[in-house]
Amino acid sequence: MPGISWFIGVPAIALMFTAWCFAQRATVASIAQQQRIDRLTQKPQTAYETIFYKSGNLNIEAYLYKPEGNGSFPLVIYNHGSRAGSERTEVPCRYIANVLAASGFAVLVPERRGYGKSDGPTYGEEVGNDRGDKMMQRFHEEASDMLAGLDYLKNAEGVGKRSERGISKAGTPLIDFRRVVIMGWSHGGVVSLLAASERHEFVALVNQAGGALTWNSSPTLQRELPAAARKIKIPALCMDAENDATTNAVKTVGDAIKSSGEGEKTIIYPPFTPTSNPSNVAPGHLIFAQGVSIWQNDLLSFLNRQVVGRRTFSP
């Protein structure tokens with residue numbers, strides 16, 4: 001009976017249409033909420049200068065942020081994560097710079113090889129799925145890119161030395177290189193740890209979930225990262241969230257730094273729920289991109305203790 005079949009189908013179609021409308025409204029609301037979050041987290045925007053420097057034969061792109069006022073300022077070098085699939089997108093990491101520059105820190109964000117407009121192959125092109133020696137070699141190479149940026153700043157007129165056309169209005173260098181902090185998240189946390197173990201000219205280290213996504217699948221990282229951490233001779237802050245892929249990476253590294261006799265603090269935050277997770281990584285891993293308000297006070301408290309009071313620059 002076609003009439004009866006049609007009559008029964010009408011409520012079902014109506015329900016489907018209603019559900020679709022609710023889904024559309026939910027999607028629009030979700031987008032609007034994300035836009036509000038983006039506006040809140042992006043303001044005020046801190047201005048930066050894009051610079052290029054040499055690391056071996058490679059040209060490396062970086063972003064330099066200067067706080068308001070006259071130098072010399074302490075410097076934080078921030079190492080970003082891997083951002084697989086969008087390596088060639090320029091990402092100035094303003095969400096970090098906004099927090100640090102407002103507290104009186106200059107900030108350098110190197111893109112490192114294979115990222116943004118920097119030369120060299122991407123991490124995926126060079127390393128693929130390797131979790132052994134090839135991976136570690138790449139980490140060390142990226143650490144050298146970051147250290148080359150520090151060397152570049154030391155020799156840049158108006159940044160690392162006096163110059164008639166220097167950036168600082170007071171006639172002093174922009175940056176106090178006796179107060180340099182190294183900081184990194186995820187892949188960048190590994191790079192930061194390796195750099196701090198190789199060159200002892202930093203005053204503090206901040207490790208945000210360094211190696212957490214790779215730790216369980218890489219015996220090489222489990223061996224090499226604590227070995228590097230035992231060479232670190234500066235105070236360190238290690239941070240992660242309970243629902244990251246593992247917290248063993250930051251805990252093990254933190255214990256290794258303590259064993260060298262340096263002060264170290266490990267903070268494990270409660271489980272974190274990100275607003276978006278397009279790469280479907282462990283949700284807690286994204287606390288350092290989307291949950292800045294949760295950890296920024298701990299970061300600034302650590303930096304104030306270890307760095308801000310250390311005014312040892314001599315012109």
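Quick notes on this structure:
- If the condition is being among the β-branched types (Val, Ile, Thr) and buried (at least 20 other Cβ atoms within 10 Å of the Cβ), then the range 220-233 contributes only Ile232.
- Among residues of the range 41-89, those that are assigned to a loop (DSSP other than H, G, I, E, B), open to solvent by less than 60 Å² (accessible area, probe 1.4 Å), touching a Ser or Thr at 6+ places or on another chain (Cβ under 6 Å) and polar (S, T, N, Q), counted: 1
- Residues in the range 237-249 that are within 18 Å of the chain's Cα centre (by Cα) and in contact (Cβ under 8 Å) with a residue 40 or more places away in the chain: Leu237, Met239, Asp240, Ala241, Asp244, Ala245, Ala249.
- Check on Gly114, more than 18 Å from the chain's Cα centre (by Cα) and open to solvent by less than 40 Å² (accessible area, probe 1.4 Å): no
- Options Thr266, Thr220; residue that is touching a residue at least 60 places away in the same chain (Cβ under 8 Å) and either of a type outside the set (Asp, Glu) or in a helix (DSSP H, G or I) (or both): Thr220
- Every test in (1) at pLDDT 95 or above; (2) of a type outside the set (A, V, I, L, M); (3) open to solvent by 10 Å² or more (accessible area, probe 1.4 Å); (4) not in a helix (DSSP H, G or I) is passed by Thr252 save one, and that test is (4).
The values are calculated or read from the model by the stated rules, or taken from the named source; none is laboratory data. None of the values given here were measured: they were computed from a predicted structure. Positions of Cβ are generated from backbone atoms using ideal geometry, with glycine treated the same way; all protein chains shown enter the neighbour counts. Each accessible area value is taken on the protein alone, full model and side chains, heavy atoms only, with ligands, DNA and RNA left out. Shrake-Rupley method; radii C 1.70, N 1.55, O 1.52, S 1.80 Å.
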